[in-house]
Amino acid sequence: MTTKLGALIMAALLVLYLALVGWRAVQFMATGEPIAIAMGVALLVLPLIGLWALWRELEFGIRSHELVKRLDAEGGLDLELPLLPSGRPERAAAGAALDEFRTAADAAPESWQAAMRLGLAYDAAGDRRNARHAVRRAIALSRLPR
C-alpha cells in the first residue's frame with residue numbers, strides 16, 4: 001500500500017507543479033511581448049508533455065497490477081525462485097532462471113501469462129528495462145481478442 005500512496009503523492013505533486021508552470025505560461029502570454037509569448041507557449045507545451053508522461057506511467061502501473069492479480073488468480077504467479085528474508089527473489093537465482101522463462105515466452109508468443117512471468121523474472125533479476133518491455137508486451141497481448 002505504501003508504494004501506491006507514494007505514487008499518488010508524487011503524481012499529485014507533479015500535477016501541482018504542472019498547474020503552476022501552466023499558470024506562469026498564461027502570465028507570460030498575457031504581457032503581449034513577443035519573447036514572453038514564445039516563452040509562455042513553450043511553458044504550455046512542457047506541462048502537456050508532463051501530463052502525457054504521467055498518464056502513461058500510471059496506466060502502465062494500473063494495467064500491470066491488474067495482470068499480476070489475474071495471473072495470481074489463475075495460479076500462474078509462482079515463479080519458484082528462492083526468496084530473501086525480505087520476500088524479494090534472489091537476483092542470482094532469478095538470473096539463472098531467465099532462460100527458462102524466455103523459452104516459455106518464445107514457445108507461447110501469444111500468451112500474456114508467459115510474457116508477464118518473463119517480465120516478473122526480469123524484474124527479479126534486476127533488469128528493469130527488459131522487465132518493462134516484457135510487461136508492456138503482456139499488457140498488449142491481454143487486450144487482444146481471443
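Every read-out reported here was derived from the displayed coordinates using simple, explicitly stated rules and does not represent laboratory data. Fair warning: this is a prediction, and the values are worked out from it, not measured in the lab. Reconstructed Cβ throughout: ideal geometry from the backbone, glycine too, with neighbour counts over all protein chains shown.
Dipole magnitude of segment 91-143 about its Cα centre, charges +1 at Lys/Arg Cβ and -1 at Asp/Glu Cβ only, in debye to the nearest 20?
300 debye
State the volume of the convex hull built on the alpha-carbon positions of segment 2-62, expressed per residue in Å³ and rounded to an integer.
Convex hull of Cα atoms, per residue: 50 Å³.
Label point 7 Å out from residue 143 along Cα-to-Cβ: which residues of segment 35-65 have amide N under 19 Å?
51-65
Determine Rg/Rh for segment 91-143; Rg is computed over alpha-carbon atoms and Rh is the Kirkwood hydrodynamic estimate from the same atoms.
Rg divided by Rh gives 0.96.
In the chain, if the dipole is taken from +1 on Lys/Arg beta carbons and -1 on Asp/Glu beta carbons about the Cα centre, which of 93, 76, 19 is farthest to the positive end?
Farthest towards the positive end: 19.
Please compute the contact order of the chain in relative form: average sequence separation of alpha-carbon pairs under 8 Å and at least six residues apart, divided by the residue count, as a percent.
Reported as a whole number, the value is 15 percent.
Tell me, in nm to one decimal, what length is gained between residue 35 and residue 91 on full extension, where the rule is 0.36 nm per residue of separation less the Cα-Cα distance?
The span from residue 35 to residue 91 would gain 14.9 nm if fully extended.
Within 14 Å, Cβ to Cβ, of residue 129, how many net charges do the neighbouring residues add up to if Lys/Arg are +1 and Asp/Glu are -1?
It works out to a net charge of +2.
What share of all Cα pairs of the chain, in percent, falls into each consecutive 10 Å distance bin?
Values per bin, smallest distances first: 11, 29, 25, 16, 12, 6, 1.
For 39, 10, what's the fewest-to-most ordering of other Cβ within 10 Å of each Cβ?
By the 10 Å Cβ count, ascending: 10, 39.
Could you work out the helix-only [θ] at 222 nm for the chain, with each DSSP H run of four or more residues adding -39,500 (n - 2.57) and the total divided by the number of residues, to the nearest 500 deg cm²/dmol?
The helix contribution divided over the chain gives -28000 deg cm²/dmol.
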